[in-house]
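J.: The structure's right below; bear with me while I get my questions together.
FYI, it's all coordinate maths here, none of it is from the lab. If you're wondering where the values come from, they're calculated on a predicted model, not measured in any experiment. Cβ sites come from the backbone with ideal geometry, for glycine too, and all protein chains shown count toward neighbours.
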Amino acid sequence: MKEKFYITTAIAYTSRKPHIGNSYEIVLTDAIARYKRLQGYDVFFLTGTDEHGQKIEEIAKAENVSPKQYVDKIAGEIREICDLLNTTYDRFIRTTDEQHEKTVQKIFKKLYDNGDIYKSVYEGLYCTPCESFWTAAQVEDGKCPDCGRPVKPAQEEAYFLKLSKYQKQLEQFIEDNPDFIYPESRKKEMINNFIKPGLQDLCVSRTSFKWGIPVTFDDNHVIYVWIDALSNYITAIGYDPDGSSAEYKKYWPADVHIVGKDIVRFHTIYWPIMLMALGEPLPKKVFGHPWLLFGTDKMSKSRGNVIYADDLVKQFGVDAVRYYLLSEMPYTSDGSIMYETIIERFNSDLANTLGNLVNRTIAMSNKYFGGKVLAPTAKEELDDELSSLALETVGAVEKLMSEYRISDALNAIFTLARRSNKYIDETMPWALAKDEEKTERLGTVLYNLLESIRYLAVLLTPFMPDTATSIFEQLNTDVRSYESLSAFGRLVAGNNVGTATPLFSRIDAEKFLAELIKQQEEEQKKAETPKIEGLAEIDFDTFTKVELRVAEIKECEKIKKAKKLLRLVLDDGTGTPRQVVSGIATWYEPEALVGRKIVLVANLKPAKLCGVESCGMILAADCSETDVKLIFVDDMPNGARIR
Ligand code: MSP
C-alpha cells in the first residue's frame, strides 16, 4: 500500500485578490505535493480560503454587497489563480462551506464542554485591520506590532481558550519532536519570543461583528477567526467530534502544514493546543517559509507595488512564473521579485541553459540520424562524468526536497543541465559528424544527451510540469517514472525523437520594459480627468459630495518608471496613512514637500497610476500653461474638513 502524505497551505484571506507573494505558497506546496506523488506517495493536497471576520464585513459594506457575495467573488478569483498556476490541490475548502461551519461549531462546543474554553471579559488594545488584540507591552507608540497601524483600547465579553493549561504539554511535544517547527530558525523564534515568556489564554470569540460562525450556545458571539481558520485542516477531510470519516482516519495527522513566516505562531502554538484539547494527534511538521518582496519592500496595495500572478502568467507563461518563484525564494531569508530579474532568469536559465540544450540535442538527433536514437555502444570515460552526475542529482534532489530546500533542489537540476551543455562543447558532435568513422561515437554522445535530458524532464516534472511534458514529447518517450531514474540508460534505443520545438524564446529586456512602461502610462492617461470645456453648473448638493480635507505630506518620492509622477504618503487625520499619486514631479522635488500640508480630495475613487495605487487627489492650480502650484494650507490641523 502506498504511504500517505497529507500536505496543506494556509487558507488565504478573501479580503482582496491575492498578489504574487500570496500565490508563492500554493506553487511551493504544489511542487512538494507533485514531487511526493512522483515518488509514489498517496498525496492529499489541501488549500482553500479563509472567509470570515470583521475586515471582510467592512469591505463588503463599503462595496454595497453582502459579505457572502463579496467572498464568493474573491474566493473564485483565488481559485482561478490556483488553477492558472497549474496547481494540483485535491480539495479547495472554504470556511463558509456548510460542512466546515457545522463542524467548527461542534469543535467549539466540545472545547467548551471540556472546560478548555471559558467566558470572560477581554480588555486590550485592538487593531481593527488585523482583528487582533494586543497587550500594552506588545504595542509600541500606539501602533500594531504586525501592521504598524494605530490600535485603540477596547473591552468586550469573550470566550477564551486555555492556552496556559497546555503550556507544559506543548513544550514537551516540541522537545520530543525536534522537527515539528521547521526550519530551526523559526523554532527558536517561537520558543524564545512566544512560548518561554508564558502563554496567555487566547480570545476565541467576538461580539463586535456578525460575519463569523455563530457560537451555538450564545447568540451574541461569533467564533473568532483562528479557531475557525485552523480547523479547516481537519474539517476538510471529515473530522467530526461525533465520529470522523475514513478519509480523516487515513490522512490525519498532516505530514506538513506549509505556512508563511508571519503565521507560524498560530500553527505551532494555538493549533497544537486546540488539537491536544480535542484529543487529536498533532501535525508532524509546520514549515514556515519566507516572504516574497517587491525588491526589498513588502508587497501591499497601499504601497502600490503589487504584482499579480495572472499578469505574470500572461507575460511569461506559467512554468516560467513557477520557476521564478521556486528558484528565487531562498530557504529562510526573504526572496525578491522584479521584472528585471524575472527576465534575466528567464533568458539565462530557461532560454539559454535548458531551452538550448533540449533544442540543440533534438535538432542534432534529427539532423545526423533522421531522429533515430542509437544505442550507446561507443562509450568514453568522459561519459561517466555525465551519467554519474545525473544519478547523483536524483539523490541530491531527494535529500534537498526532504529538507524543503526547493530552490536548492532546482539549482541541482539546472547544474545537470549546465553540465550537459558542457558535454556538448567537450564532445563537439558537429565535428564527429564530419568523420564517418565516428558515427557510432556520435550516436553514443547523442544518446547520453537525450538520456540526460530525460533525467531533467523527470526531475522537473514537479516544478515545471508543462515543460517536462514538452520535453518528453520531443524525446518521444514514455519512460517518465521516478523509478526510471535508478539507472542511466533507460531511454529506449531504436525509437525516433520528435521535432525540436523551442521551450522558451529569449525576451528582449529593453523592449519588454519599454512596453511595460508604455502600458502603465496608458493606464495613467486613462485615469487622468478629462478637461472640462466651458463651465458646467452643479448644484450645492453635488458640491458637498466632494470631501475636501487638510492633509500633511509625511513621505514623498519619485516613481521610478513615470517621470511626471510623485508618490505621497499623507496623514489625513484618520490615523491610517493614505497613499496618493500626483502628476506634479515636473514642479516639485519630493524633499521640498515633506511636512507641507495640502488640500486632499478624500473620497475620490482609488485609481492606479502607472501601476501605483492612488487613494485620493491633491489640489493644485494651473498658474500658466506650463506652471502648476499646489495649494498649501500649512497652518490648518490634519484632517480638518474644507467646505
Ligand atoms: N488566513 C490566514 C491563514 C489562515 S491558515 C489557517 C492568512 N491569510 S493570508 O491571505 O494573509 O496569507 C496566506 C498565506 O500567504 C500565509 O501563509 C502568508 O504568510 C502568505 N503570504 C502573504 N504574503 C506573502 C508574501 N509576500 N510572500 C510569501 N508568502 C506570503 O494569513
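J.: Taking amide H positions as placed 1.01 Å from N in the peptide plane, with prolines and chain starts having none, which residues 5 or more places from Gln39, or on another chain, fall under 5 Å of its amide H?
T.: It is none; the list stays empty.
J.: Do you know the relative contact order of region 117-170, to the nearest whole percent, from alpha carbon pairs under 8 angstrom that are 6+ apart? Don't skip to the answer; put the middle values down first.
T.: Values: 73 pairs, mean separation 24.7, N = 54.
Relative contact order, region 117-170: 46 percent.
J.: At a Förster radius of 30 Å, what calculated FRET efficiency corresponds to the Cβ-Cβ distance of Thr296 and Ala621, to the nearest 0.05? Please list the in-between numbers first.
T.: Values: r = 37 Å, r/R0 = 1.24.
Approximately 0.20, to the nearest 0.05.
J.: At 7 Å along Cα-to-Cβ for each site, give me the label-to-label distance between Asp72 and Glu171 in nm.
T.: 5.0
J.: Next up: For region 580-618, list residues with backbone N below 11 Å from a point placed 7 Å from the Cα of Lys143 toward its Cβ?
T.: No residue passes the distance filter.
J.: What list of ³J(HN,Hα) values in whole Hz, one per residue of region 537-554 in order, does the Karplus curve 6.51 cos²θ - 1.76 cosθ + 1.60 (θ = phi - 60°) give from phi, with Gly and Pro shown as x?
T.: Result, rounded to whole Hz: 6, 10, 8, 4, 4, 4, 4, 5, 6, 7, 9, 9, 9, 7, 9, 9, 7, 9.
J.: Separate question: Can you list the aspartates and glutamates whose alpha carbon is less than 12 Å from that of Lys422, not counting same-chain residues fewer than 8 positions off?
T.: Candidates past the 8-residue exclusion: Asp383, Glu385.
J.: Subtract the Cα-Cα distance of Ala487 and Lys61 from 0.36 nm times their separation in residues, and report this length gain in nm to one decimal.
T.: Full-extension gain reported as 147.2 nm.
J.: Toward the positive end of the charge dipole of the chain, about the Cα centre and with charges on Cβ (Lys, Arg +1; Asp, Glu -1), which of Gly317, Asn22, Val594 goes farthest?
T.: Positive-end residue among those listed: Asn22.
J.: Work out from phi, with θ = phi - 60° and the Karplus expression 6.51 cos²θ - 1.76 cosθ + 1.60, the ³J(HN,Hα) of each residue of region 392-409, listed in order in whole Hz, and give x for Gly and Pro.
T.: For region 392-409, the Karplus-derived couplings read 4, 4, 4, x, 5, 5, 4, 5, 5, 5, 5, 9, 6, 9, 5, 5, 5, 5 Hz, x marking Gly and Pro.
J.: Under a crude label model (7 Å from the Cα following the beta-carbon direction), how far is Glu403 from Asn476 in nanometres?
T.: Here the answer is 4.2 nm between the modelled labels.
J.: Let me ask something else. Calculate the spin-label point distance for Asp83 paired with Asn352, positioning each point 7 Å from the Cα along the beta-carbon direction, and give it in nanometres.
T.: Once both label points are built, they end up 3.8 nm from each other.
J.: Among Ser365, Pro178, Gly498, which residue has its Cα furthest toward the positive end of the charge dipole of the chain, with +1 on Lys/Arg Cβ and -1 on Asp/Glu Cβ?
T.: Selected residue: Pro178.
J.: Under 8 Å for C-alpha pairs, at least 6 residues apart: give me the relative contact order for the chain, rounded to a whole percent. List each step's numbers first, then the result.
T.: Details: 1097 pairs, mean separation 73.4, N = 643.
Here the relative contact order equals 11 percent.
J.: Okay, next question. Based on DSSP H runs of at least 4 residues, each adding -39500 (n - 2.57), what is the mean residue ellipticity at 222 nm of the chain after dividing by all its residues, to the nearest 500 deg cm²/dmol?
T.: Mean residue ellipticity at 222 nm (helix-derived): -12000 deg cm²/dmol.
J.: Quick one: dipole size for the chain, taken about the Cα centre, charges +1 on Lys/Arg Cβ and -1 on Asp/Glu Cβ, in debye to the nearest 20. Don't skip to the end; give the middle numbers.
T.: Numbers: 81 positive and 96 negative charges, 41 e Å.
The dipole of the chain has a size of about 200 debye.
J.: Per residue, what volume in Å³ does the Cα convex hull of the chain take up? Can you show the working numbers first?
T.: Values: hull volume 122.8 nm³, N = 643.
Each residue corresponds to 191 Å³ of Cα convex hull volume.
J.: Please report how far the C-alpha centroid of region 506-520 lies from that of region 235-306, rounded to the nearest whole angstrom.
T.: A separation of 39 Å, based on Cα centres.
J.: Looking at region 38-126, which GluC sites (Glu not before Pro) are DSSP coil and have at most 13 other C-beta atoms within 10 Å of their C-beta? It would help to have the intermediate numbers written out before the result.
T.: Details: sites: Glu51, Glu57, Glu58, Glu63, Glu77, Glu80, Glu98, Glu101, Glu123; in loops: Glu51, Glu63.
In loop regions of region 38-126 (DSSP not H, G, I, E or B), the sparsely surrounded GluC sites (Glu not before Pro) are Glu63.
J.: Suppose the chain between Leu513 and Lys314 were pulled fully straight at 0.36 nm per residue; how much longer would it get relative to their current alpha carbon spacing?
T.: 70.2 nm
J.: With the alpha-carbon atoms as the only input, what is the per residue convex hull volume for region 338-486 in Å³?
T.: Working: hull volume 16.7 nm³, N = 149.
Convex hull of Cα atoms, per residue: 112 Å³.
J.: Ok, one more. Using only alpha carbon pairs under 8 Å that are at least six residues apart, calculate the relative contact order of region 1-117 and give it in whole percent.
T.: Worked out over region 1-117, it gives 31 percent.
J.: For Tyr122, list long-range residues whose amide hydrogen, built 1.01 Å from N in the peptide plane, is under 5 Å from its own amide hydrogen.
T.: Glu156, Glu157, Ala158
J.: Here's something else I'd like to know. Within 10 Å of each candidate Cβ there may be at most 16 other Cβ atoms; applying that plus a DSSP loop requirement, which GluC sites (Glu not before Pro) in region 586-643 survive? Spell out each step's value before the answer.
T.: Details: sites: Glu591, Glu613, Glu625; in loops: Glu625.
Loop-located and lightly packed - Glu625.
J.: Mind checking the full-extension length gain between Asp435 and Arg506? Use 0.36 nm per residue of separation minus the Cα-Cα distance, one decimal, nm. All intermediate terms of the calculation are to be shown ahead of the outcome.
T.: Values: separation 71, 0.36 × 71 = 25.56 nm, distance 3.34 nm.
Gain in length upon complete extension: 22.2 nm.
J.: Let me ask another. Can you list which of the trypsin sites (Lys or Arg not before Pro) found in region 196-284 are DSSP loop residues with at most 16 other C-beta atoms within 10 Å?
T.: Numbers: sites: Arg206, Lys210, Lys249, Lys250, Lys261, Arg265, Lys284; in loops: Lys210, Lys284.
Answer in residue order: Lys210, Lys284.
J.: Using a cut-off of 11 Å between beta-carbons, work out the net charge of the residues near Arg480 (Lys and Arg +1, Asp and Glu -1, Arg480 not included). Provide the component values of the computation, followed by the final result.
T.: Working: positive: Arg454, Arg490; negative: Glu473, Asp478, Glu483.
Combined, the nearby Lys, Arg, Asp and Glu give -1.
J.: I want the local charge near Lys367. Using Cβ-Cβ distances under 13 Å, sum +1 for each Lys or Arg and -1 for each Asp or Glu among the other residues. Don't skip to the answer; put the middle values down first.
T.: On the way: positive: Arg360, Lys372, Lys434; negative: none.
Once positives and negatives cancel, what remains is +3.
J.: Which whole-Hz couplings ³J(HN,Hα) result when phi for each residue of region 96-106 is put into the Karplus expression 6.51 cos²θ - 1.76 cosθ + 1.60, θ = phi - 60°, listed in order with x for Gly and Pro?
T.: So the J values, rounded to whole Hz, are 8, 4, 4, 4, 5, 4, 4, 5, 4, 4, 5.
J.: Once amide H atoms are placed 1.01 Å from N in the peptide plane, what residues at a sequence separation of 5 or more from Phe5, or on another chain, have their amide H within under 5 Å of its amide H?
T.: Asp42, Val43, Phe44
J.: Go through Lys298/Lys560; Lys187/Lys284; Lys165/Lys188 and tell me which ones have a Cα-Cα distance over 20 Å in this structure. Walk me through the numbers on the way to the answer.
T.: Values: Lys298/Lys560 17 Å; Lys187/Lys284 14 Å; Lys165/Lys188 22 Å.
Those over the limit are Lys165/Lys188.
J.: Where nothing but the Cβ of Lys and Arg (+1) and of Asp and Glu (-1) is charged, how large is the charge dipole of region 338-486 around its Cα centre, in debye to the nearest 20?
T.: Working: 15 positive and 23 negative charges, 61 e Å.
That gives a dipole near 300 debye.
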